[in-house]
Amino acid sequence: MANNVLILDDDVDFNSLLTDIFEQADYIVTSAEDPVEAVELFRSTDYDLVVTDHRMPNMTGTEFMRAIKLLKSEVPVIMVSGYLENDTIRELISEGVGGVFLKPLNIFSLLERTGELIEQSQKKSEVAETTDEVDAAAHVTKLGFTFRSFPCKSDASIQFAEKLYGLRNFKSTLSLIGQPGARYQAICEDIRVFYENDAEHFVYFSPSSFDEDQAVTALESAKASGAERVTVVLLQLESMTGDQKDLAIVLSKGQGRFSDLDLDLRTIFCVSGDLDSLFDEGLINENLYILMGTAEVQVPALSDCTNDIAVLAQQIVVSIAREKKLSSVPRLEKPARDLLQQQSWDGDFEALSGTVRRLTESNSGDVLTAASLSAILQTTVAATPRARFDAYLSGQQVDLVRAALIFMNGDRSKAAKFYGTDVNALERVLR
């Protein structure tokens, strides 16, 4: 049975946006723009959850929450606002708000928190609910800034977000160091959003697109469009050629052709593997090693953020539903979410994303079950040599391929034959 949600926001456009979000997630929605009217609706109708704005005429969100809590204290409330003081947030939590979300919204976290609160309310586990709600709300509000690449429900992801935010004003270089398959571009987008300034531009380059002419052209274009500062993001730096790595040093120091651009430049290096290992393997030279060590942040692996996995998986499902223009968004049932959290995800976010995509695309129903997920997980370790090759390399594929190339004196055809695959497969691993 669909759950009933009451939405209160005096901003007509934002109210409509929230209504669409919840209706697409299969909730029955009643929307109101006036707090007094909303109190009467709440008095006469049974709702499973309330979402309210904070700053409204006639009544604040806090006053509205107090009014409806007097009527039905067990109904969970989520507060949404463009800005809230820390003291106000603490007051809201102490008075029983189940979650505080600042605009612009992370709709995936909002829907996830909605499901959690309704499930907790329906189970009527009073003591456990209180503890879980306060802890979860603290995780949401503790950051005080927008962060989307991780839901930040685990200590490791919270600490990562806070460290990254603390380094948001880095002057020259920043190194993001994580596992193969980490979602570096999404993390860099979080860094970009920290500023919310049109004069701050981000430019992305991968091994297939990074050369001097393209870099100069991109920077000139950014300057022409009004950029006062440009942050250049170099993805998969360890897989770049020697010339590209030399160019990365020149660019990050603003030398050569980049010195004539009269731009404030910064560089973010994204690499898989710790710097010491990359240096020992000859994948970065001494100059890069020193440059990248100036400010580095370790990106947590999914295995260190198990509480984030279910939320990330549902976000992926929502994205796929939009991409496929599905009439409704499938939901991961709790046993399926638990099963996802039990996996090691050696391929990190890319592996999780691929698994969830296969699960979503292979099911036509509204519920994604643990049985279907289990079947998907089992098919990743099929009996064919090529499947075993892909599955085994999911965690250590880059290191193994590099080792084979060293052993084969760089001959990729021989390395491919050694593994019983083709050169294109090796190229994909190295990228």
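Each value in this text was obtained by applying a stated rule to the coordinates, not by laboratory testing. Quantities reported herein were computed from a predicted structural model and do not represent experimental measurements. When we count neighbours, we look across all protein chains shown, and the Cβ atoms used for this are built from the backbone with ideal geometry, even at glycine.
Just grab the label-to-label distance for residue 74 and residue 30, each label 7 Å out from Cα along the Cβ direction, in nm (one decimal).
Distance between label points: 1.8 nm.
With a ≥ b ≥ c taken as the square roots of the eigenvalues of the C-alpha gyration tensor of segment 302-379, please select rounded if a/c is under 1.5 and otherwise prolate if a/b is larger than b/c or oblate if it is not?
In terms of gyration-tensor shape, prolate.
List the relative contact order of segment 177-326 as a percent without decimals, with contacts defined as Cα pairs under 8 Å and 6+ residues apart.
Relative contact order of segment 177-326: 28 percent.
Straight distance only, please: which aspartates and glutamates reach the Cα of residue 414 with their own Cα at less than 14 Å, same-chain residues fewer than 8 apart left out?
Counting by Cα, and skipping residues close in sequence, residue 414 has these aspartates and glutamates nearby: 422, 427.
With each pseudo-label sitting 7 Å past Cα toward Cβ, what's the residue 362-residue 296 distance in nm, one decimal?
Reported label-point gap for residue 362 and residue 296 is 3.9 nm.
Could you name the lysines whose alpha carbon sits less than 18 Å from that of residue 123, not counting residues in the same chain fewer than 8 places away?
Cα-Cα hits under 18 Å: 72, 334.
Pull out a ≥ b ≥ c, the square roots of the eigenvalues of the alpha-carbon gyration tensor of segment 4-144, then state rounded if a/c is under 1.5, prolate if not and a/b is larger than b/c, and oblate in the remaining case.
rounded
Which order results if 340, 275 are arranged by neighbouring Cβ count within 10 Å, fewest first?
Ascending number of Cβ neighbours within 10 Å: 275, 340.
Would you mind getting me the FRET efficiency between residue 246 and residue 344? Use the beta-carbon distance for r and R0 = 45 Å, nearest 0.05.
The formula returns an efficiency of 0.75 here.
Would you mind calculating the gained length between residue 326 and residue 276 on full extension (0.36 nm times residue separation, minus the Cα-Cα distance), in nm to one decimal?
13.4 nm
Take the alpha carbon atoms of segment 168-205, find their center, do the same for segment 207-251, and report the distance between the two centers in whole angstrom.
Result: 14 Å between the Cα centres.
Determine the percent antiparallel among the DSSP beta bridges restricted to the chain, to the nearest 5.
0
Which of rounded, prolate, oblate describes segment 156-298, given a ≥ b ≥ c as roots of the alpha-carbon gyration tensor eigenvalues and a/c under 1.5 marking rounded, otherwise prolate only if a/b is larger than b/c?
oblate
Can you show me the helix-derived [θ] at 222 nm for the chain, built from DSSP H runs with n ≥ 4 at -39,500 (n - 2.57) apiece and divided by the number of residues, rounded to the nearest 500.
-16000 deg cm²/dmol
Going Cα to Cα from residue 163, which lysines come in below 28 Å? Please leave out same-chain ones fewer than 8 positions away.
103, 142, 153, 171, 245, 253
For labels at residue 334 and residue 287 in the simple 7 Å Cα→Cβ model, what's the distance in nm?
5.8
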